[in-house]
Amino acid sequence: MRKTAGGIDRNGLRTWVEVSREAVARNYRLFRSLISKETALMAVVKSNAYGHGLADFSEEISKLGADFIGVDSILEALALRRGGIGSPILVLGYTLPERINGAAEARISVAVSNFEHLKALPRGGGRPLGVHLKVDTGMHRQGFFLKDAPAVVLFFKKNRDRVSLEGLFTHFAAAKNPAFPDYTKQQIAEFKKWQTLLRREGFSFKSHAAATAGTLLFPESHFDMVRIGIGLYGLWPDCELSAYFGDKIQLRPALSWRSVVSEVKELPRGSKVGYDCAETLTRDSVVAVSPVGYWHGYPRALSGIAHTLVRGRRARVLGRVSMDMISIDVTDIPLVRVGEAVTLVGRDGRQEISATELSDLCNTSSYELITRINPLIKRIYI
């Protein structure tokens, strides 16, 4: 079998994602080192583990010792239970009322952020449901306000037999930028009011507020647990945060996305390339085709501006990104052949195409870029 740029066999795949176990472990250990031994770590694996493969990543991070798993939906949570993940799981997103009883039976905790949802929790019998109460301290997206506290307290006291207040959490709106800490500090202060109020009423629960950025910048927000998402995958929440820490904290990207060369042709200067004749060649060129496109998650916005890597050298995308194909300029890379590896995201030799580089080119975030990699593409852990 021919080896890819990542050093593993293609296994008959035209495009695939490689995930480095070593990088995942390194990132995990880094965040563990930033929190106290008493602080739990929730690994956030929502949205197909940020494109890294829900089941495989959850298994990997559980082996490393993650205390909690955070998912977006009950479907993700149930898939993990079926796959043998026994760790505590919290559904961070909205859970439909008809799914609540199933969550309780599978020992899956759910987030509740409004009274309509609270009133829809299971009635009588069965296993008590673990609830993490989401409070709005300034994000103004989901969560109860402090004025709602008396009614919330009354509900949990009246329904102790069927619901358990397992956690209290919030989400920071602007923790990514170290130049503007005041708003996050205001949110922390508001969150502490909730903690004091609920503890005064006799409740015992796990408090969590900090995600990746909050964990890095606001140690006072670690509380009982931190929620680490993007950082576990080796990516920074924001370029300002990366610049702020410089070499003090080094994350290692775990994901590489690769394809192959499926065709090579020589074209004379003046030839039109792609749909709408979007690009006119300014020199005699050698053009390679790779069978990956926007259906696979490679953004159409990268048409004509992004680079790939072939044999460790940069090869620009020519013309339009199609649904299932891209054309790349390999004129300056000698003797490129069908079957060779094309790196879309990741490292090949000394060169690297980062998720941040591509997301900047199409005016989006690295979060969006990697979570949109088609989940049908095979993830290979190496």
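The values are calculated or read from the model by the stated rules, or taken from the named source; none is laboratory data. What you see is a predicted model, and the numbers here were worked out from it, not measured in a lab. Cβ coordinates were reconstructed from backbone atoms using ideal geometry, including for glycine residues, and neighbour counts include every protein chain displayed.
Give me a count of the residues in the range 94-103 that are in contact with a helix residue (DSSP H, G or I) (Cβ under 8 Å, 6 or more places away or on another chain) and acidic (Asp, Glu).
Counting residues in the range 94-103 that are in contact with a helix residue (DSSP H, G or I) (Cβ under 8 Å, 6 or more places away or on another chain) and acidic (Asp, Glu) gives 0.
When you look at Gly346, is it of a type outside the set (Val, Ile, Thr), surrounded by fewer than 22 Cβ atoms within 10 Å (Cβ to Cβ) and not assigned by TED's automatic domain parsing to the domain that holds Lys176, yes or no? So that I can check it myself, show each step before the final result.
Values: of a type outside the set (Val, Ile, Thr): yes; surrounded by fewer than 22 Cβ atoms within 10 Å (Cβ to Cβ): no; not assigned by TED's automatic domain parsing to the domain that holds Lys176: yes.
Here the answer is no, as Gly346 does not meet what is asked.
Would you mind stating whether Gly339 is of a type in the set (Gly, Ala, Ser), over 15 Å from Leu13 (Cα atoms) and loosely packed, with under 15 Cβ neighbours inside 10 Å?
In short, no.
Please go through (1) buried (at least 21 other Cβ atoms within 10 Å of the Cβ); (2) part of a strand (DSSP E or B) for Val321 and return the number of the only condition it doesn't satisfy.
(2)
Specify which of the listed residues (Ala66, Ala5, Ala25, Ala40) is modelled with pLDDT of 95 or more, closer than 30 Å to Glu340 by Cα and outside the structural domain of Gly312 (by TED's automatic domain parsing).
Details: Ala66 fails: closer than 30 Å to Glu340 by Cα; Ala5 fails: modelled with pLDDT of 95 or more; Ala40 fails: closer than 30 Å to Glu340 by Cα.
Testing whether each residue is modelled with pLDDT of 95 or more, closer than 30 Å to Glu340 by Cα and outside the structural domain of Gly312 (by TED's automatic domain parsing) leaves just Ala25.
Take Glu368 and decide whether it is closer than 30 Å to Tyr28 by Cα, in contact with a helix residue (DSSP H, G or I) (Cβ under 8 Å, 6 or more places away or on another chain), without any contact (Cβ under 8 Å) to a residue 60 or more places away in the chain and among the acidic types (Asp, Glu).
It is true that Glu368 is closer than 30 Å to Tyr28 by Cα, in contact with a helix residue (DSSP H, G or I) (Cβ under 8 Å, 6 or more places away or on another chain), without any contact (Cβ under 8 Å) to a residue 60 or more places away in the chain and among the acidic types (Asp, Glu).
If we keep just the residues of the range 34-74 that are among the small types (Gly, Ala, Ser) and in contact with a Ser or Thr (Cβ under 6 Å, 6 or more places away or on another chain), which is surrounded by the most Cβ atoms within 10 Å (Cβ to Cβ)?
Result: Gly51.
Quick one: which residue in Val91, Val17, Val112, Val24 is buried (at least 20 other Cβ atoms within 10 Å of the Cβ), in contact with a helix residue (DSSP H, G or I) (Cβ under 7 Å, 6 or more places away or on another chain) and more than 21 Å from His208 (Cα to Cα)?
Val24
Determine which member of the set Glu266, Glu279 is in the same structural domain as Thr343 (by TED's automatic domain parsing), surrounded by 12 or more Cβ atoms within 10 Å (Cβ to Cβ), out of contact with any His (no Cβ under 7 Å at 6 or more places or on another chain) and acidic (Asp, Glu). Before you say what the answer is, go through the steps one by one.
On the way: Glu266 fails: surrounded by 12 or more Cβ atoms within 10 Å (Cβ to Cβ).
Going through Glu266, Glu279 in turn, just one is in the same structural domain as Thr343 (by TED's automatic domain parsing), surrounded by 12 or more Cβ atoms within 10 Å (Cβ to Cβ), out of contact with any His (no Cβ under 7 Å at 6 or more places or on another chain) and acidic (Asp, Glu): Glu279.
(1) among the acidic types (Asp, Glu); (2) at pLDDT 95 or above; (3) over 23 Å from Trp236 (Cβ atoms): which one isn't true of Glu98, the others all being true?
For Glu98, the exception is condition (2).
Let me confirm something: among Asn101, Asn48, which residue is touching a residue at least 12 places away in the same chain (Cβ under 8 Å), at positive phi and not assigned by TED's automatic domain parsing to the domain that holds Gly293?
Asn48
So which residues in the range 235-250 are assigned to a loop (DSSP other than H, G, I, E, B) and surrounded by fewer than 21 Cβ atoms within 10 Å (Cβ to Cβ)?
Result: Asp238, Gly246, Asp247, Lys248, Ile249, Gln250.
How many residues, within the range 163-202, are touching a residue at least 40 places away in the same chain (Cβ under 8 Å), surrounded by fewer than 18 Cβ atoms within 10 Å (Cβ to Cβ) and outside any helix (DSSP H, G or I)?
Final tally of qualifying residues: 4.
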